[in-house]
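Participant: Next up is a structure, given as structure tokens.
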Amino acid sequence: MLYQINQGTVAYADKIVLKEINFEIRNTEKIAVVGRNGCGKTTLLKLIMGEVSLSKRDSDKDSFIAMAGKPQIGWLQQMTFEDDEICLSAEIRKVFEPILVMENRMQELLRKIEENPAEKLVEEYAALEQRFTYLGGYRYEKDYQMILDRFGFTKQDEVKRLSEFSGGQRTKIAFIKLLLSKPDILLLDEPTNHLDMSTIAWLEGYLKEYPRAVVIVSHDRMFLDHTADVVYEIEHQKMKRYPGNYTEFTKRKKADHAKQEKEYLAQQKEIERLNQIVERFKNKPSKVSMTRSKLKQIEHMDLIDKPEVFDNRAFHTRIQPKIESGNDVLSVERLGIGYDRELTKAAFSMKKGQKLGIIGGNGLGKSTLLKTLTGHIPKHSGKYQWGYHVEIGYFDQQMAQYSSEKTVLDELWDRFPTLTQTEVRNILGGFLFTGDEVFKKVSMLSGGEKVRLALAGIFQTCPNTLVLDEPTNHMDIVGKEALEDMLRDYTGTILFVSHDRYFIKQIADSLLIFRPDGVEYFPYGYEDYIEKYGLEKNNSSTEDVLNIHASGKPVDGATDGEPVEENTGKKDQNPTKKSAANPGKEKAKRERRIARLEELMEECDVKTAQLKEEMSLPENSSDYVKLNELQQEIDRLEELSLTYLEEWEELSSEI
């Protein structure tokens, strides 16, 4: 165990962000932290970094943070540049200073050992050499060149001043420094931002083989599938650990929720049954001990919490074209695109209902193509033609940076002045702007909120063609899934740019691939593209394997440990046989039967408790066949017990 948070709570003023969380980083685990925007993921990273502290609580629960030794913790947010005028190579090589110091000391020790092989010098050299190897001292030059190349920097870039690089490139430089520093615990907050697909695929492999621990906060589901072996989810201020990657997490979460709900309902049913018995017989002096036993049985139960509702709040609307376009939506012929100079040429066509995804490296012209096709920048050469009755809804990724002093309500209302205030508020409500949130100024919204507001306006126009530039940026996973659902149901045409491979896989039925040597049209979806070109390792999640236990289904009759009674409640199994009317004998017979029924009910209760305990065993938690059989037997025993109880009540009333 490298790092542990036990019963940790973090609060800002009166607002609790994380409540009594338990979190562990073990050895070389690759941990994904997922949850809604604003749930506390970044707060957790700050807690690990020591930038925030645990809040003091009035509780007898032991709350603490523990670490094994003094692990080095690295976080991209902390990687800043002191001097923008030094070159890229000099800045990155700063991370090798500890290695170079060790290397010089090792050479010095070797010289001393040659003159005098003292045990103390040899021990110091051995310890230093072990640390030197751990930090990658024998391969740091190779790592430097390899990572620089993977992130798209050239030999010419190495001598450029930091001030000459764009914001996205500077983020990459900081990321390279972090990776080369090789901390014991690597914290990554949205690491795939600013990276193209080939770099993301390389990073997945690098992190999977990284010999230390990694904690990843990301909304990139495919990235999490390919890197994580543990997932922690933050929901309702609480945290829960799930083994496996993101896909395994979603399966386990649903299964755990269903299991808890079933057990909760079963326990509530059992409590209700026991209370009914107590209520029926509480005034019968002869049954005081039995009712007291039932009450104690309820008191001693470990109550199962009612499962909390999933936090699946997401924007929603039904977007369908107001009018249909012609069958030929777009024709592009040797279209030259670019700003000051021509970047590349593209040629393709689109039919009505087609969903074309644009993928490729950064800086190759993907967004430039969309800006050209929507008339925001002029073409360099060639031509393009939109088809008959094509109405375009255009989403620009810069909309997340849009600022205005208008309120959310006025921003949308000014675009659609013929609508009533109620109609505008209903539209905004569908995009999660409710109550007083509609009076927030646009300039005060987060990037994700601005994206939702922009989409609300675009979708309200009901276009038959959507042109979308990175629409999932700033969205959490639930938001992405909501948008995917809407776009899958949309009957119009979609042309979109995205780096989110999972989103592309869900939406695109064809691809336009931007490469340094040109643009290629691919007439099939993303999975076919990967299968053809093999650009990334297939790390699809392993299918759940259920250990099916060969346990025979309980049947009526004599079985080990099962309460069986040959009399199922009928007073006389042989109605043709006449018996003499003897009131004293009949009463004694009823009393014996009542005593036997009480024994049988107790046996049913004991067996039911044993079966429920068996259901809760860890080895049975994923054996759904076994769990189903156990539940069927519990249901059978409860019905049998109820039959005994009804007969018991009838005989008791007769006496």
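The values are calculated or read from the model by the stated rules, or taken from the named source; none is laboratory data. What you see is a predicted model, and the numbers here were worked out from it, not measured in a lab. Glycine gets a Cβ as well: all are built from the backbone with ideal geometry, and neighbour counts include every protein chain shown. Side chains are part of the model used for accessible areas, which takes the heavy atoms of the whole protein and leaves out ligands, DNA and RNA. Shrake-Rupley method; radii C 1.70, N 1.55, O 1.52, S 1.80 Å.
Participant: Out of Thr465, Thr472, Thr491, Thr461, I need the residue that is in contact with an Asp or Glu (Cβ under 8 Å, 6 or more places away or on another chain), open to solvent by 40 Å² or more (accessible area, probe 1.4 Å) and among the polar types (S, T, N, Q). Which one?
Facilitator: Selected residue: Thr461, the only one of Thr465, Thr472, Thr491, Thr461 that is in contact with an Asp or Glu (Cβ under 8 Å, 6 or more places away or on another chain), open to solvent by 40 Å² or more (accessible area, probe 1.4 Å) and among the polar types (S, T, N, Q).
Participant: Here's something else I'd like to know. Would you check which residues across the range 251-289 are hydroxyl-bearing (Ser, Thr, Tyr) and free of Cβ contacts under 8 Å to residues at least 12 places away in the same chain and list them?
Facilitator: Let us first name the residues in the range 251-289 that are hydroxyl-bearing (Ser, Thr, Tyr), namely 264, 286, 289.
The answer is Ser286, Ser289.
Participant: Anything in the range 176-202 that is farther than 26 Å from Gly50 by Cβ and either open to solvent by 20 Å² or more (accessible area, probe 1.4 Å) or in contact with a strand residue (DSSP E or B) (Cβ under 9 Å, 6 or more places away or on another chain) (or both)? List them, or say none.
Facilitator: His194, Asp196, Met197, Ser198, Ala201, Trp202
Participant: If I filter the range 428-443 for residues that are of a type in the set (Phe, Trp, Tyr) and open to solvent by 30 Å² or more (accessible area, probe 1.4 Å), do I get at least one hit?
Facilitator: Our first condition is that a residue be of a type in the set (Phe, Trp, Tyr); within the range 428-443, this holds for 431, 433, 439.
Going one step further and asking which of them are open to solvent by 30 Å² or more (accessible area, probe 1.4 Å), we end up with 439.
Taking every residue of the range 428-443 in turn, at least one turns out to be of a type in the set (Phe, Trp, Tyr) and open to solvent by 30 Å² or more (accessible area, probe 1.4 Å).
Participant: Here are some conditions: (1) open to solvent by less than 40 Å² (accessible area, probe 1.4 Å); (2) out of contact with any Leu (no Cβ under 9 Å at 6 or more places or on another chain); (3) among the small types (Gly, Ala, Ser); (4) under 25 Å from Met475 (Cβ atoms). Gly38 meets all but one. Which one does it not meet?
Facilitator: If we test Gly38 against (1) open to solvent by less than 40 Å² (accessible area, probe 1.4 Å); (2) out of contact with any Leu (no Cβ under 9 Å at 6 or more places or on another chain); (3) among the small types (Gly, Ala, Ser); (4) under 25 Å from Met475 (Cβ atoms), just (1) comes out false.
Participant: Residues that are open to solvent by 90 Å² or more (accessible area, probe 1.4 Å), in a loop (DSSP other than H, G, I, E, B) and within 30 Å of Thr374 (Cα to Cα): does the range 324-332 have at least one?
Facilitator: Scanning the range 324-332 turns up at least one residue that is open to solvent by 90 Å² or more (accessible area, probe 1.4 Å), in a loop (DSSP other than H, G, I, E, B) and within 30 Å of Thr374 (Cα to Cα).
Participant: May I pose another question? Quick check on Phe395: is it touching a Phe, Trp or Tyr at 6+ places or on another chain (Cβ under 8 Å) and at pLDDT 90 or above?
Facilitator: Spelling it out, it is not the case that Phe395 is touching a Phe, Trp or Tyr at 6+ places or on another chain (Cβ under 8 Å) and at pLDDT 90 or above.
Participant: Now for a separate question. Could you list, in sequence order, the residues of the range 606-643 that are of a type in the set (A, V, I, L, M, F, W, C) and either in contact (Cβ under 8 Å) with a residue 60 or more places away in the chain or in a helix (DSSP H, G or I) (or both)? Talk me through it step by step, then tell me what you get.
Facilitator: Of the residues in the range 606-643, the ones of a type in the set (A, V, I, L, M, F, W, C) are 606, 609, 611, 615, 617, 625, 627, 630, 634, 637, 640, 642.
If the condition is that a residue be of a type in the set (A, V, I, L, M, F, W, C) and either in contact (Cβ under 8 Å) with a residue 60 or more places away in the chain or in a helix (DSSP H, G or I) (or both), then Val606, Ala609, Leu611, Met615, Val625, Leu627, Leu630, Ile634, Leu637, Leu640, Leu642 are the ones that fit.
Participant: Here are Lys383, Lys379: which of them is touching a residue at least 40 places away in the same chain (Cβ under 8 Å), exposed (fewer than 15 other Cβ atoms within 10 Å of the Cβ) and among the charged types (D, E, K, R)?
Facilitator: Values: Lys379 fails: exposed (fewer than 15 other Cβ atoms within 10 Å of the Cβ).
Unique residue meeting the criteria: Lys383.
Participant: Taking Gln297 as meeting all but one of (1) touching a Cys at 6+ places or on another chain (Cβ under 7 Å); (2) modelled with pLDDT under 90, write down the number of the exception.
Facilitator: The one condition Gln297 does not meet is (1).
Participant: Sticking with this structure for a sec: Filter the range 397-419 down to residues that are open to solvent by 70 Å² or more (accessible area, probe 1.4 Å) and farther than 28 Å from Asn193 by Cβ, then give me how many there are.
Facilitator: Residues flagged as open to solvent by 70 Å² or more (accessible area, probe 1.4 Å) and farther than 28 Å from Asn193 by Cβ within the range 397-419 amount to 7.
Participant: Follow-up. Among the residues of the range 108-125, is there at least one that is touching a residue at least 24 places away in the same chain (Cβ under 8 Å) and part of a helix (DSSP H, G or I)?
Facilitator: Among the residues of the range 108-125, not one is touching a residue at least 24 places away in the same chain (Cβ under 8 Å) and part of a helix (DSSP H, G or I), which makes the answer no.
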